[in-house]
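The values are calculated or read from the model by the stated rules, or taken from the named source; none is laboratory data. Owing to the predicted nature of the structure, the values given are computational and were not obtained by experimental measurement. Quick reminder, even Gly has a Cβ in these numbers, built from the backbone with ideal geometry, and neighbours come from all protein chains shown.
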């Protein structure tokens, strides 16, 4: 199981989390960018992200919870970014946004909010490297896991297999050892976790990796 460690926290500075990650079994640093428009909260400026991610060699898994995601591509292409994920609900032309991300040499992902049916993404799977399923409403860390999430993962996995694409599925929100296991059983490829991992970065990352 791949693990992407979110640095979104109300009590721990992101650099204090990032500094531990090179000694962990984490695969990516998950960066939640919020603009106060697409979701209520705001997170970091590009300059702040550039500074605190410099403490680790790990690649970035960037999740844009913003209303104009195309404006962020060039900046994050300058960092050690592997995946750049935007929200289906935030763009008018999904194919154009996919191509814009790929033109910068980045792997492209799409995320959907909990109330969005996963089937809206089926036409784009052949062009996607990642689909990020939200296990909570986007915008805040520490929320309870939405019980229907594994069903969405299974529906998406079945379609990926049917289309024979290489798209990975990741899930973000309310992930711990119990919910992570439910998602693994449903077919997820990568777990994104904040609160659970922050309690013990080294050990709890290992727990999720070994599910």
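Here residue 126 does not qualify as in contact with a strand residue (DSSP E or B) (Cβ under 7 Å, 6 or more places away or on another chain), within 25 Å of residue 108 (Cβ to Cβ) and surrounded by fewer than 20 Cβ atoms within 10 Å (Cβ to Cβ). Residue 109 satisfies every condition listed in (1) in contact (Cβ under 8 Å) with a residue 40 or more places away in the chain; (2) more than 23 Å from residue 3 (Cβ to Cβ) except (2). Checked against the criterion of being under 19 Å from residue 8 (Cα atoms), modelled with pLDDT of 95 or more, touching a strand residue (DSSP E or B) at 6+ places or on another chain (Cβ under 8 Å) and surrounded by 23 or more Cβ atoms within 10 Å (Cβ to Cβ), the candidates 180, 173, 135 yield just one match: 180. Just one of the numbered conditions (1) touching a helix residue (DSSP H, G or I) at 6+ places or on another chain (Cβ under 7 Å); (2) buried (at least 20 other Cβ atoms within 10 Å of the Cβ); (3) within 28 Å of residue 127 (Cα to Cα) is not true of residue 192: (1). Per the conditions (1) touching a strand residue (DSSP E or B) at 6+ places or on another chain (Cβ under 8 Å); (2) over 19 Å from residue 207 (Cβ atoms); (3) not in a strand (DSSP E or B), the sole criterion not satisfied by residue 33 is (3).
Screening residue 18 on (1) within 17 Å of the chain's Cα centre (by Cα); (2) part of a loop (DSSP other than H, G, I, E, B); (3) farther than 21 Å from residue 138 by Cβ shows it passes everything except condition (2). One residue stands out among those in the range 36-64 that are assigned to a loop (DSSP other than H, G, I, E, B) and at pLDDT 95 or above: the one that is nearest to residue 131 (Cα to Cα), which is 58.
Candidates are the residues of the range 186-203 that are in contact (Cβ under 8 Å) with a residue 24 or more places away in the chain and farther than 12 Å from residue 7 by Cβ; the one that is farthest from the chain's Cα centre (by Cα) is 202. Among the residues of the range 138-170, those identified as under 26 Å from residue 43 (Cα atoms), at pLDDT 90 or above and crowded, with 21+ Cβ neighbours inside 10 Å are 149, 169, 170.
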